Amino acid sequence: MSADTLASTSVQPATKRRGLSIRRKRKLKIHAAQIGFAVVMLGGWQLFATNKWLGVDPFTYGKPTLIWDSLYAYFTKGDQATEFGSYWLQIETTLREAGLGFLLGTTVGVVLGVLLGMNRFLAEVMDPYIKIFNSIPRIVLGEIFLVALGLGELPHLLLAAVLVFFVVFFNAFQGVREVDRNILANAKVLGAKRLAIVRHVILPSALTWIIASLHSAFGFALTGAIVGEVIGAQRGLGLVIATDQGKFDSNGVYATMLVIAVLALVAEWIITQVEHRLLSWRPPSPSETASI
């Protein structure tokens, strides 16, 4: 082994440690800035609502300390927390509707997106129908599902699935269309069967597009479930919001909105971990490399 090789080998760990240190410092700065932004926003809200500056009335806009009191009451009063049972039961109901709607919408969106992306004739036939269906206001769909299926969880689940479907479908469709034609041609020349091409070429290539759509898809699933519950339900966070709104309890509304935001952030973190695991083979993008 030459002296140059030994020097190069000893420099690599030092460079790696320096890179990790820079990344940690950068993450700490980002977290500190995020916390600082939240403190300024909440502190300003509290100050303006307490003094009613610029017409910020706590009756209309709520107040952080009163929102905290509402949250404390929701999570400590057990079955008496809401008129429909414990607050945990409402969270569980909404998460179940959103989760199942997310799985259903994602599955159908991926299957149809890949199918139509691979078949240009079928895609052109279905094109006007997909556009028509996509143009229907979701609130109208929610009403239709509610009239057809009643006040159970199924209409909320379907509304969540519809919202997720279009996001995932368009990404899967475009992901298949963006597959490198040279790789496809090489696979065919080497005698790969159609199923093998789908499994080893098309799906891995489209996976980046599909995973990217999932980051916003779960948020849409939550929105669908909650909008459905606001229209009509027997339990769920949407029903809690509608009830608090009817009682002019703005702090209760904001408290439930905060819980929904936390749920969305947790789901986003889980999807990011899944993305890292599924796309571990992918080289870092230029933006990711620059951030390192």
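The values are calculated or read from the model by the stated rules, or taken from the named source; none is laboratory data. Note that this is a predicted model, so its numbers are computed, not measured. No Cβ is skipped: glycine too gets one built from the backbone with ideal geometry, and neighbour counts run over all protein chains shown. Only protein heavy atoms, including side chains, enter the accessible area calculation; ligands, DNA and RNA are left aside. Shrake-Rupley method; radii C 1.70, N 1.55, O 1.52, S 1.80 Å.
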Per-peptide average of other Cβ atoms within 10 Å, ordering 40-48, 109-117 highest first: 109-117, 40-48
Average projected area [Cα convex hull, the range 134-179], square nanometres: 3.5
Tell me the angle of helix 203-231 to the major Cα principal axis of the chain, expressed in degrees between 0 and 90 and rounded to the nearest ten. 10
Charge dipole (the chain, unit charges on Cβ, about Cα centre) - positive-most of LEU103, GLY236, GLY175: GLY175
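For the chain, what does the accessible surface come to per residue with a 1.4 Å probe? Please give it in Å².
Working: 17990 Å² over 292 residues.
Averaged over the residues of the chain, the accessible area is 62 Å².
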Solvent-accessible surface ranking, highest first, for TRP53, TRP68 at 1.4 angstrom: TRP68, TRP53
Give the accessible area for PHE166 in Å² (nearest 10); use a 1.4 Å probe, count only protein heavy atoms, and leave out ligands, DNA and RNA. 10
Go from 0 up to the bin containing the longest alpha carbon distance in the chain, width 5 Å each, and give me the % of pairs per bin. 1, 5, 8, 11, 12, 12, 12, 11, 10, 7, 5, 3, 2, 1, 1, 0
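Counting only protein heavy atoms and a 1.4 Å probe, tell me what percentage of the chain's accessible area is made up of carbon and sulfur.
C and S fraction of accessible area: 67 percent.
Going by accessible area, probe 1.4 Å, with all protein chains left in place, what is the ranking of TYR61, TYR74, TYR87, TYR254, largest first? Mind showing how you got there, number by number?
Numbers: TYR61 110, TYR74 20, TYR87 0, TYR254 65 Å².
Descending order: TYR61, TYR254, TYR74, TYR87.
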For helix 237-246, what angle does its Cα long axis make with the longest principal axis of the chain, in degrees from 0 to 90 and rounded to 10? 30
Let me check I've understood the local charge: for ASN51, count other residues with C-beta under 15 angstrom from its C-beta, Lys and Arg +1, Asp and Glu -1. What total comes out? +1
Run the numbers for ARG199 and THR272: contour at 0.36 nm per residue of separation, minus the present Cα-Cα distance, in nm. 24.0 nm
Along each principal axis of its Cα atoms, how long is the range 64-194 end to end? Whole angstroms, biggest number first, please. 67, 32, 27
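So what's the back-of-envelope 222 nm ellipticity for the chain, counting only DSSP H runs of four-plus at -39500 (n - 2.57) apiece and dividing by all residues, rounded to 500?
Values: 13 runs with 237 residues, N = 292.
Value at 222 nm, helices only: -27500 deg cm²/dmol.
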